[in-house]
1. Determine the shape class of segment 86-209: with a ≥ b ≥ c the square roots of the Cα gyration tensor eigenvalues, call it rounded for a/c under 1.5, and otherwise prolate if a/b is greater than b/c, oblate otherwise.
2. List, in order, the whole-Hz ³J(HN,Hα) value for each residue of segment 174-180 obtained from phi through the Karplus relation with A = 6.51, B = -1.76, C = 1.60 and θ = phi - 60°; use x for Gly and Pro.
3. Let me have the relative contact order for the chain, percent, based on Cα pairs under 8 Å that are six or more residues apart.
4. Sum up the charges of everything whose Cβ sits under 14 Å from the Cβ of Ala22, counting Lys and Arg as +1 and Asp and Glu as -1, but leave Ala22 out.
5. Rounded if a/c is under 1.5, else prolate if a/b beats b/c, else oblate: with a ≥ b ≥ c from the C-alpha gyration tensor eigenvalues square-rooted, which is segment 84-145?
6. If you roll a 1.4 Å probe over the chain with all protein chains in place, what percent of the accessible area is carbon or sulfur?
7. Would you mind giving the three semi-axes, in whole Å and largest first, of the ellipsoid equivalent to the chain according to its Cα gyration tensor?
8. Counting Lys and Arg as +1 and Asp and Glu as -1, each charge on the Cβ, what is the dipole of the chain about the Cα centre in debye, to the nearest 20?
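The values are calculated or read from the model by the stated rules, or taken from the named source; none is laboratory data. None of the values given here were measured: they were computed from a predicted structure. When we count neighbours, we look across all protein chains shown, and the Cβ atoms used for this are built from the backbone with ideal geometry, even at glycine. What goes into the accessible areas is simple: the full protein's heavy atoms, side chains included, and nothing from ligands, DNA or RNA. Shrake-Rupley method; radii C 1.70, N 1.55, O 1.52, S 1.80 Å.
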Amino acid sequence: VFEDVATCVAFGPSGKLAAGGADNSVVLLDTRRAGRVAMRFEGHTKAVRGLAYVPGGKSIVTVSADRTMKMWVVATTQLERSFGNHLRPVHAVAFRPHAKPPFCVTASDDKTVRVWQPTIGRMVRIVRGHGGPVFAVAFSPDGRRIFSIGKEGIGRIIDADSDKVLNEWKAHDDWVYALAVGPMGRLATGDWRGTVKIWKVKDDKVFRR
């Protein structure tokens with residue numbers, strides 16, 4: 001499928017599988033025939049680091065080491081919008097649950113988390129205060145909080161409706177590349193050394209499970 005590392009995959013609501021690679025490619029895969037590329041999205045000039053379907057599944061958003069976030073029409077592979085606001089490579093993107101119009105958040109080497117309304121072409125706000133590159137980002141299930149983490153090993157809880165960092169905690173002593181939000185207030189993080197930790201989040205406080 002790719003000529004280099006496969007960096008990200010995501011299922012759409014109809015079961016369509018999108019994938020991105022370090023060879024700058026974004027593809028839609030035919031899940032009925034393993035390895036077959038059904039569509040290819042051309043436009044990134046450096047490695048694709050993350051992707052997510054826009055709620056509803058008609059578009060996808062991709063982020064890249066070329067410092068851009070791009071939105072594509074799934075049915076035609078047409079590039080709808082391209083955003084170049086980040087100053088360094090962009091590593092991750094996640095959509096806010098239940099939001100209309102759709103909101104997404106991105107994480108970058110430029111030490112910021114940025115909030116967007118991609119379907120109307122708008123950057124909403126910049127969340128500063130990170131001391132290093134941010135590698136992973138996710139929303140809480142209710143959409144009220146953003147979780148971010150990266151090179152510092154420090155996790156942060158951000159109010160999704162402002163740029164306020166509500167809490168931060170030392171999660172790892174190494175770079176953290178993986179972050180997932182689970183049910184019942186659970187959070188998982190994974191670092192460069194291969195360590196995975198599970199956390200409990202309650203009232204914007206974080207406790208080790």
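1. oblate
2. 9, 4, 10, 10, 10, 8, 9
3. It rounds to 9 percent for the chain.
4. Within the 14 Å Cβ shell, the charges total -2.
5. Taking the square roots of the gyration eigenvalues as a ≥ b ≥ c, segment 84-145 is oblate.
6. Carbon and sulfur together cover 49 percent of it.
7. Values: eigenvalues 148, 66, 56 Å².
Working through the eigenvalues yields semi-axes of 27, 18, 17 Å.
8. Numbers: 33 positive and 20 negative charges, 103 e Å.
With Lys and Arg at +1 and Asp and Glu at -1, about 500 debye.
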